[in-house]
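As structure tokens, the structure follows; a few thoughts come after it.
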Amino acid sequence: ISDQKPLGCWSVKHGQILTCPVVCNFDTHEYIAVHDDKVLRIWKDEDINLDKAFKATLSADVYRIHSLPLGGPVVLFRGGGVRTLDVLLEAPQQEIENVISAEVIRWSGAFMEGEHPVLIFTTEKDGDFFVYVQKPKLSSLHKYKLEQQESAKPLCFTAHIANQTVILLCLYSNYSVYQILVPLRQDTEEEEEEEEEILSKSLLLNLSVSGAVLKGTSLVVLDKDHVAVLGSLAAPGKERRECLTIWNTKFQTLQTSKELPLGTSGQLWCYEEKFFLIHGKVLTVIMYKCETSSLAAAVGKLKDSQTPDVSSFVNWNTLGDEELVVSFQSQEPVALKAESRMNLRSRRSTVAEEHPETLSVGQLLINLKDASTYVLETELRKLMAKAPTPDLQATIGCVVTALTDRCKKNPKYYPQNFLQEIVETRDLSYSLCPDLMALALEKKDMHLLQICLERFPDIPEEITYACLKAFLSMSEDHLKSVDVNLDSAICYVDVEFNNTEVKTEILENGFSAEMDQDMCGTKTPKESRSNDESCPVGLQKAALLNAVLHSAYTETFLLPHLKNLPARQAILFLRYLYYLYVKCSEKVNTTLPGIRSPTINQIMDWMCLLLDAQFTVMVMLPEAKELLSNLHKFVRAQVRFYSELNKIEGSLRELQRLNLLRESQTYSIEVLEII
């Protein structure tokens with residue numbers, strides 16, 4: 001999510017509809033989906049076609065699948081029946097009982113109680129609300145009825161388990177949060193027949209902020225003392241403002257809040273100390289960290305909520321100095337020794353008195369923001385030289401971010417060697433230092449871009465395209481003075497010295513002059529090299545383009561950018577790809593020599609991608625006509641050559657089989673005729 005890079009995409013057939021959220025099976029690392037209410041699909045990352053994935057048609061409509069890290073997936077049906085996925089797959093057409101009658105499920109959640117999964121769901125019928133608690137592995141079911149309230153009705157639910165009790169929180173239409181305690185009983189046969197029990201509720205929160213009422217739409221539990229509410233503030237005479245608020249339920253105080261001016265979908269998710277919500281047209285991820293609840297902290301946070309930019313509870317963004325500290329509080333437990341966490345204002349006033357070794361990484365970087373260049377680099381080198389820790393990679397990422405921030409503030413400052421050293425010696429990724437490659441593009445640091453392209457596994461397609469465009473637009477004369485790594489190209493690129501070509505050793509891969517002449521005048525590799533098919537780019541540019549070929553990408557997201565590539569640059573890039581393709585075909589093993597040289601698959605993939613993006617332009621340009629014609633003839637010759645190989649494939653396999661069956665004898669010569 002941090003670098004907006006898709007890792008997988010699967011589609012159902014036209015006319016089919018996914019009818020409940022897809023979940024991941026933590027035990028088997030598989031995805032589980034339901035389409036058209038009854039059709040279950042299970043697949044893994046490496047599966048490409050969803051239609052070929054495992055399929056099971058069930059006997060009843062599915063409402064929701066819940067996946068538990070230690071309990072496996074649990075399936076809730078619309079009729080209230082519950083099955084674990086393992087039991088369901090043993091007999092997909094097994095009859096599913098109807099637990100509810102004329103009721104509609106409004107919410108469901110799953111938890112672990114010891115080794116047993118517990119599923120709780122709420123239903124509605126004629127304005128009455130009911131709570132069901134099921135333990136599928138123990139065949140246990142309990143039904144309760146919620147205490148009625150004439151003036152308000154439940155809008156949404158959330159829950160967690162503590163001390164053998166389900167704590168159900170409900171957001172009502174009167175803008176209040178109520179708490180309902182649901183006991184987890186030890187089952188007996190007599191209890192299953194008793195009448196449903198009425199659950200009473202107690203007021204937990206009144207959602208009022210400075211006289212304005214918070215009209216909540218979504219509610220999640222953060223820990224035993226904190227909840228988050230997404231909704232809109234409605235003050236008399238003022239326009240409604242959507243916002244995310246965090247409340248201390250123990251002291252009924254507002255912890256912090258943030259306005260969301262672009263609007264939301266009304267849904268809020270929470271997972272591993274991160275909020276997920278739709279803000280405008282984008283998915284926004286916000287980190288948070290729950291602190292130990294105390295009256296002093298609650299009152300302090302209430303004051304800070306009036307200035308939400310200063311909040312040590314939530315990392316609203318990563319632009320300001322305060323958020324830099326907050327980011328490290330939520331990512332690593334490196335706080336100020338063993339002392340309790342303080343308000344940011346009070347911490348900032350005392351931090352100068354602390355010894356540097358006792359500071360968190362975030363606070364140390366803040367202290368160095370105004371330091372001299374020498375002091376900054378010296379301290380950062382000391383920080384990176386510390387013993388490896390689980391958070392060292394994130395620390396190095398923040399070191400790079402500190403350097404790039406200094407470069408933005410001072411355009412004359414650019415520690416080229418220091419940045420190259422960090423990227424070459426540390427296991428970094430684009431998401432850990434997202435501004436680095438943009439800075440390198442701005443400074444035209446080709447060597448750093450080359451290193452990043454070769455080492456970063458998660459570069460966004462927009463940045464990959466920007467690098468490609470920058471490499472192609474750079475003049476050959478300028479690149480000769482640039483220090484880049486030539487290992488990927490120097491072993492096969494033809495370099496001309498005083499019009500004398502230095503060629504690598506050539507092994508023809510199944511081509512002959514007679515064959516090529518038969519293929520409508522296709523030039524032999526030797527003829528094409530001696531004419532106009534020497535490398536169309538210089539050695540430095542070839543090495544940089546090879547780095548682009550090695551970078552990971554998703555075709556769907558790269559294609560729109562390649563369509564914007566200028567025609568002259570597109571033709572130059574295609575000429576280079578064609579040159580590499582010919583070079584690969586000259587080798588028996590279709591592998592180019594050198595370190596990190598492009599593979600035949602990478603060359604073919606990029607060639608197809610570029611033709612898809614620029615085909616109309618190239619067809620219209622006269623200067624591209626000969627290139628496309630040569631490419632067409634060469635590919636046609638390749639196809640014919642491999643088709644000839646396919647004809648004798650069966651004979652070769654039979655020969656191999658005979659050699660294996662033949663007993664070891666004295667020396668002999670045998671002649672086998674291939675028909």
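The values are calculated or read from the model by the stated rules, or taken from the named source; none is laboratory data. Predicted, not measured: the structure shown is a model, and the values here were computed from it. Because the Cβ atoms are built from the backbone with ideal geometry, glycine has one as well, and the counts that use them run over all protein chains shown. Surface areas here come from the heavy atoms of the whole protein model, side chains and all, with no ligands, DNA or RNA. Shrake-Rupley method; radii C 1.70, N 1.55, O 1.52, S 1.80 Å.
Taking first residues from region 150-170 that are open to solvent by less than 20 Å² (accessible area, probe 1.4 Å) and partners that are in a loop (DSSP other than H, G, I, E, B) and not hydroxyl-bearing (Ser, Thr, Tyr), the Cβ contacts under 6 Å between residues at least 6 apart in sequence or on separate chains come to Ala152/Asn174.
Restricting the first member to region 279-299 and to residues that are farther than 15 Å from Gln255 by Cβ and surrounded by fewer than 14 Cβ atoms within 10 Å (Cβ to Cβ), and the second to residues that are at pLDDT 75 or above and among the hydrophobic types (A, V, I, L, M, F, W, C), the beta-carbon pairs closer than 7 Å and six or more apart or on different chains are Gly280/Leu262; Leu283/Phe276.
Apart from one condition, Ala234 fits all of (1) open to solvent by less than 90 Å² (accessible area, probe 1.4 Å); (2) in contact with a Ser or Thr (Cβ under 6 Å, 6 or more places away or on another chain); the exception is (2). For region 525-542, the criterion of a residue being open to solvent by 10 Å² or more (accessible area, probe 1.4 Å), out of contact with any helix residue (DSSP H, G or I) (no Cβ under 8 Å at 6 or more places or on another chain) and modelled with pLDDT of 85 or more is satisfied by at least one position. Would a scan of region 429-452 turn up a residue that is over 19 Å from Ala466 (Cβ atoms), hydroxyl-bearing (Ser, Thr, Tyr) and under 26 Å from the mean Cα position of the chain (by Cα)? Within region 429-452, not a single residue is over 19 Å from Ala466 (Cβ atoms), hydroxyl-bearing (Ser, Thr, Tyr) and under 26 Å from the mean Cα position of the chain (by Cα). In the set Phe121, Phe129, only one residue is more than 22 Å from Leu58 (Cβ to Cβ) and outside any loop (DSSP other than H, G, I, E, B); that residue is Phe129. The selection criterion, being without any contact (Cβ under 8 Å) to a residue 40 or more places away in the chain and either open to solvent by 20 Å² or more (accessible area, probe 1.4 Å) or among the aromatic types (Phe, Trp, Tyr) (or both), does not hold for Lys137. Applying the criterion of being free of Cβ contacts under 8 Å to residues at least 40 places away in the same chain and hydrophobic (A, V, I, L, M, F, W, C) to the residues of region 54-81, the residue that is most open to solvent (accessible area, probe 1.4 Å) is Phe54.
Give Asn601, Asn589 a once-over and let me know the one that is at pLDDT 85 or above, under 23 Å from Tyr642 (Cα atoms) and either touching a Gly at 6+ places or on another chain (Cβ under 8 Å) or surrounded by fewer than 15 Cβ atoms within 10 Å (Cβ to Cβ) (or both). If you could, list the steps in order and put the result at the bottom.
Working: Asn589 fails: at pLDDT 85 or above.
It is Asn601.
Residues in region 1-34 that are of a type in the set (A, V, I, L, M, F, W, C) and modelled with pLDDT under 90: Ile1, Leu7, Cys9, Trp10, Val12, Phe26.
Based on this model, can you work out whether Arg381 counts as within 33 Å of the chain's Cα centre (by Cα), at pLDDT 70 or above and open to solvent by 80 Å² or more (accessible area, probe 1.4 Å)?
When the stated conditions are applied, Arg381 passes them.
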